[in-house]
1. Please count how many residues of the stretch 256-270 are loosely packed, with under 14 Cβ neighbours inside 10 Å and at pLDDT 95 or above.
2. Which of the residues spanning the stretch 202-226 are hydroxyl-bearing (Ser, Thr, Tyr) and open to solvent by less than 50 Å² (accessible area, probe 1.4 Å)?
3. Restricting to strands (runs of 3 or more DSSP E) lying wholly in the stretch 161-203: which have 2 or more residues that are within 27 Å of Ser268 (Cβ to Cβ) and modelled with pLDDT of 90 or more?
4. Can you pull out the residues in the stretch 174-189 that are more than 20 Å from Leu129 (Cα to Cα) and either open to solvent by less than 70 Å² (accessible area, probe 1.4 Å) or hydrophobic (A, V, I, L, M, F, W, C) (or both)?
5. What are the residues in the stretch 372-388 that are in contact with a strand residue (DSSP E or B) (Cβ under 8 Å, 6 or more places away or on another chain) and within 27 Å of Lys229 (Cα to Cα), if any?
6. Could you count how many residues in the stretch 52-104 are touching a residue at least 12 places away in the same chain (Cβ under 8 Å), at negative phi and in contact with a strand residue (DSSP E or B) (Cβ under 9 Å, 6 or more places away or on another chain)?
7. Ile108: modelled with pLDDT under 95 and not in a loop (DSSP other than H, G, I, E, B), yes or no?
8. Only one of Asn382, Asn376, Asn387 is on the phi < 0 side of the Ramachandran plot and modelled with pLDDT of 95 or more; which?
Amino acid sequence: PTHNRQAYFAAHPGRSNLGARAVEEPPAPPTAEEAKTEEEKNLLRVCCVDFNVQENAISHKTNLYEITEDRVLEDGSKPTPQLVVRRGQYFDITVTFDRPFDKQKDDIRLVFDCGPIPSESKGTRVSMLMSDADLPRQWGAKALSTDGNNLKVRVFTPADCLVAKWNFKFDTVIQVEGKSKMYRYQHTHPIYILFNPFCPDDTVYMDDEASLNEYVLSDHGYVYRGTSKQISAKPWNFGQFEDFMLDCCMHLLDTSGLSFHARGDPISICRKISAMANSEDDSGVLTGNWSGDYAGGTSPLKWVGSVAIMEQYWKTLRPVSFGQCWVFSGVVTTIGRCLGLPCRSVTNFASAHDSDGSITIDSHWTTDGKPLEEYNTDSVWNFHVWNEAWMA
């Protein structure tokens, strides 16, 4: 009966009541992995990159920076060591792929960029293929050795490289049907590139080892005060290697308005450091106070170093109260040395302040011997402290 045939075919959906032929299902679409061409399946992919932080830090004399160390914080966490290098000097990284690197087949590219809108024309973006050529005073990269899936790469930076936090990317490229296809690896942490006073090609090069140890690597010293007849030496903790210091100094450059393409020039950077050390005009690190009333802040006489000042600024991003000349100078020394500039505090006693460019200290008096205070703007201070930085 008809109703029995309908019940049969309802219970057996693979059969048809039109000649009882099997109905073939359409083939399932290929998975993304199955759809890949043979070239795509063989594309070299980066699993991880080891910046060899400890080895590079020693060779670049940046191993004193706390962020390069294996350390445990107070909360028990273990931050990843960061790579800090000096420009004009190569550093080595180790790249681990998902298969062995084949120099004849694999095309790889290294990309470095910094700033909000990286641009090759501004020098804030650098893209380079690996090459065996060792080109002096230029960006470059070459393969040093292979070990299984590991490739050791040597990276060269120019001696006028921008002083900044650089992001690192690693591209592997293949050609598929006449078009380039790329796999990109982006490293989680930036690379800090600093001035290099140890490199003869850098404009901040200093050829005296004792001076380098004192004006770049020393994190303690003295700031001199008093009078020409009674000079006192105040111990000062510059603390340029503290874990937050590099980020704080880079932030100051960011907020100073200095364009990224000018950050290879020590003169431009020194001027911005000088501006950002005080809060005048640009909400920099320290607020000056010569009134003797230090309510609402810390007396300039109580500071014993730059670390507490810079740490407070970094936590609040607001000017710290209060400073006078030796405190400003201590902070400038810290920032300069942190960025790799040879820098020192300098004290002058019986310090003449000529306000009108006459190269004299002028005093004005009435005929009866009374001072004309509105004209007497020149002065001689017991002492004054400022900074020197070393560069061509």
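The values are calculated or read from the model by the stated rules, or taken from the named source; none is laboratory data. Since the model is a prediction, treat every value here as computed from it, not as a measurement. Neighbour counts are summed over all protein chains in view; Cβ atoms, including those assigned to glycine, are modelled from backbone coordinates with ideal geometry. These accessible areas exclude ligands, DNA and RNA; they are computed on the full protein's heavy atoms, side chains included. Shrake-Rupley method; radii C 1.70, N 1.55, O 1.52, S 1.80 Å.
1. The number of residues fulfilling the criteria is 1.
2. Matches in the stretch 202-226: Ser211, Ser218.
3. Here the list reads 164-176, 191-194.
4. Matches in the stretch 174-189: His189 only.
5. Asp378, Ser379, Val380, Trp381, Asn382, Phe383, His384, Val385, Trp386, Asn387, Glu388
6. Residues that pass the stated criteria total 29.
7. So Ile108 fits the description; yes.
8. It is Asn387.
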